[in-house]
1. Residues ARG326, ARG238: which one is under 24 Å from MET196 (Cβ atoms), touching a strand residue (DSSP E or B) at 6+ places or on another chain (Cβ under 6 Å) and surrounded by fewer than 20 Cβ atoms within 10 Å (Cβ to Cβ)?
2. I need the strands (runs of 3 or more DSSP E) fully contained in the range 112-209, keeping only those with at least 3 residues that are of a type in the set (Val, Ile, Thr) and under 30 Å from TYR240 (Cβ atoms).
3. Name the single residue, out of those in the range 39-64 being over 24 Å from ARG111 (Cβ atoms) and buried (at least 16 other Cβ atoms within 10 Å of the Cβ), that is nearest to the chain's Cα centre (by Cα).
4. Might you let me know whether the range 272-287 holds any residue that is more than 25 Å from ARG199 (Cβ to Cβ) and either hydroxyl-bearing (Ser, Thr, Tyr) or crowded, with 23+ Cβ neighbours inside 10 Å (or both)?
5. Being under 17 Å from the mean Cα position of the chain (by Cα) and at pLDDT 95 or above narrows it down to one of ALA281, ALA233, ALA202, so name that one.
6. State the number of residues belonging to the range 95-135 that are among the hydrophobic types (A, V, I, L, M, F, W, C) and more than 24 Å from ASN3 (Cβ to Cβ).
Amino acid sequence: MPNRVCLVHYHEIGLKGKNRATFENQLVNNLRRALRGYAVADVRRVSGHLLVTDESGRVSDEMAAAIARVPGVARVSLAYLCSLSEQEYCGAAVKALSEAGEFSTFKVHARRSSTNYELHTLDIHQLVGGVLCDAFPDKKVEMHNPDMIVHVLVVQGSVYVYAASQVGVGGLPVGTAGKVVTLLSSGFDSPVATWMVGRRGAICVPVHFSGRPMTADTSEWLCQDIVNALEPAGIIGRLYVVPFGERQREISLAVPQSLRIITYRRVMFAVSERIARIEGAKALVTGESLGQVASQTLENIAAVNEVVSLPVLRPLIGSDKQEIMRRAEQIGTHEISSQAAEDCCTLFMPRRPETHARLDAVHEASSLPVSFVYQDEPREMRAHHSYLGPRKA
């Protein structure tokens, strides 16, 4: 029986021209890391695809699902690896179509990357199509919109046959777009923003601003759960936790009530930029959506941006809450973010926050004695990363 392998398809990488090999090699490395828990025999490039083989010769559906979650993967196909024997790959086509699920119509799509094979693609169509018509007499051939397509790919002296494919997350391989720092809360928005930037090839270093010691550490553990949920995609770096509650109290006592949120966010951005310098990150990422809350108006965004020199990426800026929550369900963070937890976002909140802040008023508030963040040594912030201590029941 032919071996069962995974053919990994990509779309955007194929458009990279002279840099294509760099992106392919990065995706190969990422797949090897993502599949460390499986008995993988090899991951290598094969004529416009990546080939993943298992030591047993029978790649599992679970391994295919893990591959589909890796950014850069457009589709994953469980294929049969056959020799050039017509009998062998025709038999594999029958098996592949029988395993593909319910269908009424089908067609055969053949392609040759090896021109030294004597059969033309049209000959392969007729040969495999005839065998399938005999094997499935109640099914019809439909050339334009079939329910199922049986692919026959002739490459380097071998034939790969597959019918069903699983859709991947697409995008670019993580590690090809540098590193960013993401402001991560336990809510819906920032995990989705983190995933979207990671899907474009960036390594994401999450920074969570906790309300400690004014609140419990529940939000910190939820953020750790979010990090664990995103980990299979390979997009997450180390998690930094910044205890921010005491600093918020100082700000709330020194800054006009209407400007508290803007001042909180200016301080958070300044701290995040310091961490970005430590990590060698080139941008900050937030989960802001235009007009969703008081701090996300154009004037307030500009007032917060002013405090940092790094670019600030906002991948959700044009998304509404329903779109964000649907995406959270897709990436596996929705259930975690649905859990209530007090964090710095709910601490010392004003009754009437400013929605259209004037920069002169913001500058005046910033000149008040809350400059502690800019005097902290990087190692003091670094000390709060990763380990949270024993989880409380």
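1. From the options ARG326, ARG238, the qualifying one is ARG238.
2. Filter on the range 112-209 gives 179-183.
3. MET63
4. No, the conditions are met nowhere in the range 272-287.
5. Just a single option satisfies the conditions, and that option is ALA202.
6. The qualifying residues number 3.
The values are calculated or read from the model by the stated rules, or taken from the named source; none is laboratory data. Quick caveat: nothing in here was measured; it's all calculated off a predicted structure. All Cβ positions, glycine included, derive from the backbone under ideal geometry; neighbour counts span all protein chains shown.
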